Amino acid sequence: DQRRLIERLLVRAGISVAMAGTSRGATELFSQKRPKVILCDYDLPDGNGAKICAEVRASPDMAGTHFLLMSANERGVLVPEALDAGADDYLHIPVARDELLARVRIGLRMWAMHEQLRRAATTDGLTGLANHDHFHRMLVAEFSRSRRYGRPMSLIMVDLDFFKAINDTFGHPTGNAALQAVAKLLRDGVRECDILGRLGGEEFAVML
């Protein structure tokens, strides 16, 4: 009943919701979706929310997920355990509807900020392609996968000839526009599963 009430409240606020009633159900749910915010009761039929939180924090795929642990226990009793498990926030049941919505919206904002930072750390700011470090990490992973399963992979290296002349003649803004145009051509010419990267300057790479 409590889950249904919370679902109704969040859906009315325009928030997409998926529900699970057990620890096992939550694990299965997380394997299918990458939630932005998890609202979890401490007391579950087959475990407790702190263990669910520790499981989430151990998953690199959910590093930015905001975890809200709820409990009807006396306020403050479980807070240290919740924070030690990696919870971002703690709510005491019963919780006011306005407070619940506010805490979930804070979680959504925190998730968005984490995503912005993650993209900034892995993406070339000019072209939107993978930056050198991120492309190299993906290349190592894909090469290992290729060797393990015996599947072919190819790597295309792209270098623009006489690019310095564009900057010298027309200026760096024009050179930047040229790099962005090349990135778009590459993006339009590969499959969705292929990986594009800007290695630096006028050098690009495509992992097939």
Matching residues, the stretch 64-99, being at pLDDT 85 or above, among the charged types (D, E, K, R) and not in a helix (DSSP H, G or I): ASP88, ASP89
Which condition number in (1) of a type outside the set (Phe, Trp, Tyr); (2) within 19 Å of HIS134 (Cα to Cα); (3) more than 24 Å from the chain's Cα centre (by Cα); (4) at pLDDT below 95 is the one that LEU208 fails? (3)
Given the conditions (1) open to solvent by 40 Å² or more (accessible area, probe 1.4 Å); (2) in contact with a strand residue (DSSP E or B) (Cβ under 9 Å, 6 or more places away or on another chain); (3) at pLDDT 80 or above; (4) closer than 25 Å to ARG8 by Cα, and given that GLY49 satisfies all but one, which numbered condition is not satisfied? (1)
Looking at LYS51, LYS36 in this structure, which one is more than 23 Å from ARG109 (Cα to Cα) and basic (Lys, Arg)? LYS51
If I ask for residues that are surrounded by fewer than 18 Cβ atoms within 10 Å (Cβ to Cβ), at negative phi and within 25 Å of the chain's Cα centre (by Cα), which ones from the stretch 63-90 would you list? ALA63, GLY64, LEU83, ASP84
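The values are calculated or read from the model by the stated rules, or taken from the named source; none is laboratory data. The model shown is predicted, which means the values in this text are computed figures rather than measured ones. In this analysis, Cβ positions are derived from the backbone assuming ideal geometry, glycine residues included, and neighbour counts consider all displayed protein chains. Note: accessible area is taken over every heavy atom of the protein model, side chains too, but ligands, DNA and RNA are not part of it. Shrake-Rupley method; radii C 1.70, N 1.55, O 1.52, S 1.80 Å.
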